[in-house]
1. Could I get the Rg over Rh figure for the range 92-131? Both from C-alpha atoms, Rh via Kirkwood, rounded to two places.
2. Per residue, how much space in cubic angstrom lies within the convex hull of the C-alpha atoms of the range 152-278?
3. Taking the Kirkwood radius as the inverse of the mean 1/r across Cα pairs, report the Rg/Rh of the range 248-327.
4. Compare the peptides 146-153, 304-311 by average per-residue count of other Cβ atoms within 10 angstrom and give them in order, highest first.
5. Please report, in whole Å³, the volume per residue of the convex hull around the C-alpha atoms of the range 153-222.
6. Can you list the residues, at least 5 places off or on another chain, whose amide H is less than 5 Å from the amide H of residue 250, using H built in the peptide plane?
7. Going through the cross-link list 36/106; 113/144; 113/321; 113/224; 103/304; 106/223, which pairs have a Cα-Cα distance over 32 Å in this structure?
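Nothing in this text is a laboratory measurement; each read-out follows from the coordinates by a stated rule. These numbers come from a predicted model, not from an experiment. Here the Cβ positions follow ideal geometry from the backbone for every residue, glycine too, while neighbour counts run over all protein chains shown.
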Amino acid sequence: MRRSGWGPPEKDPHPRAPRRRPTSALWHNLAGYVEKTVTRHRADLREPATEPAPPSAEPEQVDVETKAAAVRAAQFEQQDFVRNARERYAAVQELKALGLGIKTIKRELGLAKETVRKYYRAETVEDVLARAREGRVSVLDAHKPYLHERFNAGVTTFSELFREISERGYTGSYATLRDYLRPLRTAGRAPTPAPAAPKVRTVTRWILTHPDRLDADDTAALKKILERSPPLAAATAHVAGFAEMLVERHGERLDAWITAVEADDQPDLHRFAHGLRRDHAAVLAGLTEPHSSGVVEGNVNRIKMIKRQMFGRASFDLLRKRVLLAR
């Protein structure tokens, strides 16, 4: 995995090279655990409020942000997929407590293996719902400051606000606007819109990218996050240490790196370190030897892709020709 700009290029395999874990696979696995770590501390991604509440403000106005957040949280919980996620998590964890494995639970509940694995490994159901709760970038985001200003000026009719922002370039639906404004109407006042927090995947990408390859804005944003989140700062330091070890082939540092991670309060990186210990010999070879099976694995992946495209449609002779001509 080289998307982050830190992973090393894979070299041609050597016929006498010992069994080793490809470095791209190591980096890909680490990236998954880093994303889990960022998700665990997603509250630290948002900048704290800097505007103090006016002392003369009414309690309803002071608590408007809390009320709006509570209404949105209630709306989120009412969605079908959230209820299904909580039920599935409870069912999987109940069977896990009985000592059943992922394959057995899959048969018992009739769920896909990946679905069971997701709920099986999650420490809480909130870990599963984090990405959905975070939400996507909305077409309404650019218009929120204007909406809040107009709402506090007394224009609270949804249809009127929809007409106004449509004239200002809003291309979303009326329902999207209505769902956003309902919590504000319940709270009675629109708070000053806070800067949007960066997405979990965005921060994960920043952490996994070599500092020299981040632009100035991303570097500054990441620095602020790490200053207010010691756990993420520690995780970033561990990632940098592993990246240096991987790129420069310092396999002799592996045991010290694992020990440092295990001594830190990093539950998700602990799982990654446990995997390194379980496959220690192959990982050590991958971080030491200059050769890799990456080319072979790439060809195997290419052949499997062609097989999937042709399944049930053609004969082995055509498959053979496609494999040979695709080289």
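1. Ratio of gyration radius to Kirkwood radius: 0.96.
2. Cα convex hull per residue, to the nearest whole number: 186 Å³.
3. 1.25
4. Listed from highest to lowest mean packing, they are 146-153, 304-311.
5. Spread over its residues, the Cα hull of the range 153-222 gives 149 Å³ apiece.
6. none
7. 113/144; 113/321; 113/224; 106/223
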